[in-house]
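Each remark here refers to the structure printed beneath this line.
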Amino acid sequence: MTLSPIDQAFYDLYTGRISECEDDVVLKFLESKLSDKGQDDFYDNYSWYYSHLMDTHIAFKAGIEYGRKNP
């Protein structure tokens, strides 16, 4: 699977700087975002990581958006 440039940047930053969960869990999280069923399945299997990864991903994307609006 090919990640979007933003998701790839998130994966690279997260796996390089944050050690909250294993790299494959981060990849599964990013892949799960492609569908509601995928997110449900991820939550069912990795509920202890879901909120952390979702919050981190939202903050990451907000930072990109802020940077674009305030160069």
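Going by what's in this entry, would residue 47 be described as under 18 Å from residue 62 (Cβ atoms) and assigned to a helix (DSSP H, G or I)? Reasoning before the result, please.
On the way: under 18 Å from residue 62 (Cβ atoms): no; assigned to a helix (DSSP H, G or I): yes.
So residue 47 fails the test.
Can you confirm whether the range 61-71 contains a residue that is aromatic (Phe, Trp, Tyr) and exposed (fewer than 13 other Cβ atoms within 10 Å of the Cβ)? Yes, that holds for at least one residue. In the range 13-27, the residue that is nearest to the chain's Cα centre (by Cα) out of those that are in a helix (DSSP H, G or I) and loosely packed, with under 12 Cβ neighbours inside 10 Å is 24.
So which of 3, 30 is assigned to a helix (DSSP H, G or I), in contact with a Phe, Trp or Tyr (Cβ under 7 Å, 6 or more places away or on another chain), on the phi < 0 side of the Ramachandran plot and among the aliphatic types (A, V, I, L, M)?
Checking each option against the conditions leaves just 30.
If you go through the range 1-26 and keep only what is in contact (Cβ under 8 Å) with a residue 40 or more places away in the chain and under 22 Å from residue 48 (Cβ atoms), you end up with 10, 13, 14.
Taken together, the values in this text are just the output of simple stated rules run on the coordinates, not laboratory data. This is a predicted model, so every value here is computed, not measured. Note that we place each Cβ from the backbone using ideal geometry, even for glycine, and neighbour counts take in every protein chain shown.
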